[in-house]
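Take a look at the structure below.
Just so it is clear, none of the values below were taken in a lab; they were calculated from the coordinates. Just so it is clear, the structure is predicted and the values come from calculations on it, not from any experiment. So basically every Cβ, Gly included, is an ideal-geometry build from the backbone, and we count neighbours across all protein chains shown.
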Amino acid sequence: MGDRRTLSDGDRIALADLVFRFIDDTRHLALSRLRVVAGVHRGKIFRIEEREALIGRATDNDVQFPDRTVSRHHCRIRQREQAWWIEDLGSTNGTLLRGAPVLAPQQLRDGDEIVAGFTRFVFLAADGAATDLNTEPPSPWK
């Protein structure tokens with residue numbers, strides 16, 4: 001068994017092909033989040049703490065999905081002038097927003113469904129009605 005160490009905010013933990021980043025929730029406020037409703041990380045909530053987040057299979061993404069149908073650098077979510085936008089980064093299988101392909105940057109709304117490969121998640125804006133960041137949001141699938 002390895003040595004025990006105290007984790008600090010931002011520490012990265014590698015386990016096989018996955019890399020996790022330790023977040024001290026008491027030091028960070030999420031600007032938005034992504035709730036995975038289908039796919040490898042079903043049930044997981046990814047906190048978006050910066051004004052831009054890269055999504056994909058590679059370990060250098062802010063939101064990483066170990067899903068072979070997701071490109072290494074699949075799509076990007078960014079905040080500009082109080083609005084959130086999503087753009088596909090030339091992914092092999094494309095990105096869907098509200099069931100339609102993302103061919104150019106599209107504005108996100110609280111509760112929007114996004115599909116990347118076999119992974120389906122819901123965008124939750126921090127200022128949206130569905131996003132009390134301390135509780136589970138209601139499921140849009142019931």
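Which ³J(HN,Hα) values, rounded to whole Hz and listed in residue order, are derived for region 45-59 from phi using the Karplus coefficients 6.51, -1.76 and 1.60 in 6.51 cos²θ - 1.76 cosθ + 1.60 with θ = phi - 60°, glycine and proline given as x?
10, 9, 8, 9, 10, 10, 7, 8, 9, 8, 10, x, 7, 5, 6
Give the calculated FRET efficiency between Arg98 and Phe118 to the nearest 0.05, with a Förster radius of 22 Å applied to their Cβ-Cβ distance.
Efficiency computed from Cβ-Cβ geometry: 0.80.
How far, in nm, would the chain grow between Arg68 and Glu50 when pulled straight, counting 0.36 nm per residue and subtracting the alpha carbon separation?
3.9 nm
What does the highest-first list of 53-64, 10-21 look like by mean Cβ count within 10 Å?
Ranking the peptides 53-64, 10-21 by packing returns 53-64, 10-21.
List the residues whose amide H sits under 5 Å from the amide H of Thr95, counting only those 5 or more places along or on another chain, with H placed 1.01 Å from N in the peptide plane.
Val102
Length gain on complete extension for the stretch Ala58 to Arg42, per 0.36 nm per residue less the alpha carbon to alpha carbon distance?
Here the segment from Ala58 to Arg42 would lengthen by 3.9 nm.
Given R₀ = 41 Å, what would the calculated FRET efficiency be for Asp9 paired with Gln107, taking r from the Cβ atoms and rounding to 0.05?
For R0 = 41 Å, the calculated efficiency reads 0.85.
May I ask you to compute the full-extension gain from Arg21 to Ala83, defined as 0.36 nm times their residue separation minus their alpha-carbon distance, rounded to one decimal in nm?
Residue separation times 0.36 nm, minus the Cα-Cα distance, leaves 19.7 nm.
Compute and list, largest first, the equivalent-ellipsoid semi-axes of region 43-84 from the alpha carbon gyration tensor, each √(5λ) rounded to a whole angstrom.
Result for region 43-84: semi-axes of 20, 11, 8 Å.
What residues qualify as long-range amide H neighbours of His74, i.e. H under 5 Å apart, gap of 5 or more or another chain, H built at 1.01 Å from N?
Residues meeting the criterion, in which the H sits 1.01 Å from N, are Ile55, Gly56, Arg57.
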